[in-house]
């Protein structure tokens, strides 16, 4: 308990110190601290400041810490939040909205019209808080898709990637390989992180659940709704992969990338992986992208998790209308194209496939085009103040059911849903 208090106290001090140099600027803007996003933010801020010398923006990377979510929590507690934050995990927004830490953006002049021009109705419904207000701007997404080694599949006799669970499992059996002849599997069809950490489920269970269910929710109106055919099918599919040794149970972080080493033929990943793969792939390495696998009887598109990061204005901002004017520049068509070119992350807007500017980009960057096409079928997370806890409880049952098979998929999903229901007891 003392250690937790000390960590929180130190984080508040760090965040408070970062505010000391902000008095000269009209507004402060915290961006994600990765290199590409800092480069983009610098470009936009420089343009704004040149055009508004009396209303300048101070750009800062979010202060270092265990996670940006932890830093933001400390800033909210210490009332040292920036005016604008452009890396908010969608699952945290409801918590901060209910804590009155955020400006309701739909009260700002022209916001709703701007949002309706940018996003489709499903996205707008998804980011609408439980009180009916909108506290976040849908900004960027990283759709989770299946990256696969086309050469390995072709040599095994497959001319297209697996679409259904049965196709995936058939390919898994054929691709499983004992390279050294010692009775041990040295090549699997794929692997995904087995750590019992809530956010790891965003990259295996959750996108597969969305694909199976057509984008259904996990929770709605303070009730768990994933104890259904899609939830059970997802657990069953993943459990089968581990039981049959198609996915390794051990962590593979200590070694070189198993996908690039061709120890695995598939990985579930996002657009950030394209530039990395192109940079480090060995000579002759071939890959492509496909939607997440779906149950055999599935009809319709495969939805996936979009890994959204959104933009908020904190209630410590004394000039929210001015912040909104800056944000309209940040997420304009020109801003989104700059962001796409610098980061390879996908703007969350409905015209990606029809706007000539974006069409040209994806024509020039064909490896990223599947993510643009997938952007029509995306889901973030549900509007609930306890989404981290929801994923944490699912993760615990994931370990017992999927990894170690000590429960049936039906029992594991039921136990997870019952545990989630307890979160909502008043």
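Just a few scattered comments:
- Residue count, segment 320-349 (criterion: more than 15 Å from residue 86 (Cα to Cα), at pLDDT 95 or above and not in a helix (DSSP H, G or I)): 1
- Look at segment 378-394: where a residue is touching a residue at least 12 places away in the same chain (Cβ under 8 Å) and a partner is in a loop (DSSP other than H, G, I, E, B) and surrounded by fewer than 18 Cβ atoms within 10 Å (Cβ to Cβ), sitting 6+ places away or on another chain with Cβ atoms under 6 Å, you get 383/130.
- One residue from 44, 62 being within 30 Å of residue 142 (Cα to Cα), buried (at least 18 other Cβ atoms within 10 Å of the Cβ) and modelled with pLDDT under 95: 62
- Inside segment 290-309, residues that are within 16 Å of the chain's Cα centre (by Cα) and either over 23 Å from residue 170 (Cα atoms) or not in a loop (DSSP other than H, G, I, E, B) (or both) make up a count of 6.
- For residue 361, the conditions (1) without any contact (Cβ under 8 Å) to a residue 60 or more places away in the chain; (2) assigned to a loop (DSSP other than H, G, I, E, B) all hold with the exception of (2).
- Tally, over segment 235-259, of residues that are crowded, with 18+ Cβ neighbours inside 10 Å and without any contact (Cβ under 8 Å) to a residue 60 or more places away in the chain: 1
- Taking the criterion of being touching a helix residue (DSSP H, G or I) at 6+ places or on another chain (Cβ under 7 Å) and more than 21 Å from residue 123 (Cβ to Cβ), the residues of segment 345-389 that qualify are 367, 386, 388, 389.
- Odd one out for residue 292, checked against (1) touching a residue at least 24 places away in the same chain (Cβ under 8 Å); (2) surrounded by fewer than 22 Cβ atoms within 10 Å (Cβ to Cβ): (2)
- Tally of residues being in contact with a helix residue (DSSP H, G or I) (Cβ under 9 Å, 6 or more places away or on another chain) and buried (at least 23 other Cβ atoms within 10 Å of the Cβ) across segment 314-325: 1
- Counted residues, segment 65-98 - those being crowded, with 21+ Cβ neighbours inside 10 Å and farther than 18 Å from residue 385 by Cα: 7
- Members of segment 262-289 that are without any contact (Cβ under 8 Å) to a residue 40 or more places away in the chain and exposed (fewer than 13 other Cβ atoms within 10 Å of the Cβ): 279, 280, 282, 283
- Evaluated against (1) surrounded by fewer than 18 Cβ atoms within 10 Å (Cβ to Cβ); (2) over 19 Å from the mean Cα position of the chain (by Cα); (3) part of a helix (DSSP H, G or I), residue 152 falls short on exactly one condition, (1).
- Residue within segment 32-40 that is assigned to a strand (DSSP E or B), surrounded by 16 or more Cβ atoms within 10 Å (Cβ to Cβ) and either modelled with pLDDT of 90 or more or at negative phi (or both) present: no
The values are calculated or read from the model by the stated rules, or taken from the named source; none is laboratory data. Because the structure is a prediction, the values reported are computed rather than measured. Note that each Cβ is placed from the backbone with ideal geometry, even for glycine, and that neighbours are counted across all protein chains shown.
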